[in-house]
1. Farthest toward the dipole's positive end in the stretch 77-119, which of V96, T86, A111, given Cβ charges of +1 (Lys, Arg) and -1 (Asp, Glu) about the Cα centre?
2. Stretched out fully, how many nm does the piece from T22 to A37 gain, at 0.36 nm a residue minus the Cα gap?
3. How large is the dipole of the stretch 100-154 about the Cα centre if only Lys and Arg carry +1 and Asp and Glu carry -1, each at its Cβ, rounded to the nearest 20 debye?
4. Would you please state which residues of the stretch 180-220 a label at A8 would reach in this model, taking the label point 7 Å out along Cα→Cβ and a backbone N cut-off of under 17 Å?
5. With helices defined as uninterrupted DSSP H runs, which ones in the chain have an alpha carbon span along their own long axis of at least 18 Å and mean Kyte-Doolittle hydropathy of at least -0.5?
6. Tell me, what is the percent relative contact order of the stretch 76-175, built from C-alpha pairs under 8 Å that lie six or more residues apart?
7. Roughly how compact is the chain, stated as its Cα Rg over 2.2 N^0.38 Å to two decimals?
8. What FRET efficiency do you get for N97 and R218 if R0 is 35 Å and r is their Cβ-Cβ distance, rounded to the nearest 0.05?
Amino acid sequence: MADPKSVALTAELHEYLVAHGTPLDDVQRWLISETRAKAGDFAGMQIAPEQGAFMTVLTRLLGVRQAVEVGTFTGASALAVARGLTPGGRLLCCDVNEDWTAVAQEAWRRAGVADRIELRIGPAIDTLRGLPDDLVVDLAFIDADKPSYAAYYEELLRRLRPNGVLLVDNTLWHGAVLDVSAQDDNTRAIRAFNDLVAADDRVDTVLLPVSDGVTLLRKR
């Protein structure tokens with residue numbers, strides 16, 4: 001294969017990249033600061049600013065009316081999707097942590113999108129399996145426990161409309177997908193998931209080097 005055209009991001013180049021996209025607003029800046037204060041070492045689970053901008057643009061391009069998110073954390077990704085929904089559009093968020101999602105709910109309220117979002121606290125796989133079989137999903141986002149990625153994928157894919165899009169986060173896993181010495185459960189699960197979707201003839205797949213790796217899947 002030819003040498004990759006992707007540019008390795010330094011801190012300075014990342015700052016430039018963010019500065020030349022849709023600028024962060026007061027709510028997003030508050031949410032980044034609040035996440036750092038409340039989540040401490042876990043704050044790194046928050047999506048990057050450019051990933052949020054990408055998700056909002058994609059949501060608008062697809063004309064999304066029904067979206068589902070698995071793994072909400074403090075709400076940055078949900079905020080990005082909710083802002084891109086068509087009038088009357090809805091986002092269902094699945095998470096298990098009431099403390100972190102309390103931050104999310106405050107951010108949604110400040111941004112004026114809380115009425116577009118339904119938050120369900122509990123195991124996401126139970127929530128997904130309990131959804132109506134005839135629910136039509138336009139866009140879904142998975143960013144939760146890695147060993148369950150394949151199960152979430154199957155539940156969402158069967159409800160995704162043709163040409164609907166599923167986004168999956170952390171699919172480069174800080175580069176550990178190529179580290180043969182990394183054999184922890186999360187890394188092995190990400191590798192298995194990447195192999196699964198790359199071979200799945202129900203979808204078109206591209207793994208984008210955005211943030212920690214975002215896989216975009218289009219249902220055929």
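Readers should treat all values here as calculations from the given coordinates under stated rules, not as data from a laboratory. Given the structure is predicted, the values throughout are model-derived calculations rather than measurements. Because the Cβ atoms are built from the backbone with ideal geometry, glycine has one as well, and the counts that use them run over all protein chains shown.
1. Checking the options against the dipole of the stretch 77-119, the answer is T86.
2. Length difference between fully extended and current span is 2.9 nm.
3. 280 debye
4. Residues 209-213 fall inside that zone.
5. 49-62, 185-198
6. Answer for the stretch 76-175 is 24 percent.
7. 0.98
8. Result of the calculation: an efficiency of 0.70.
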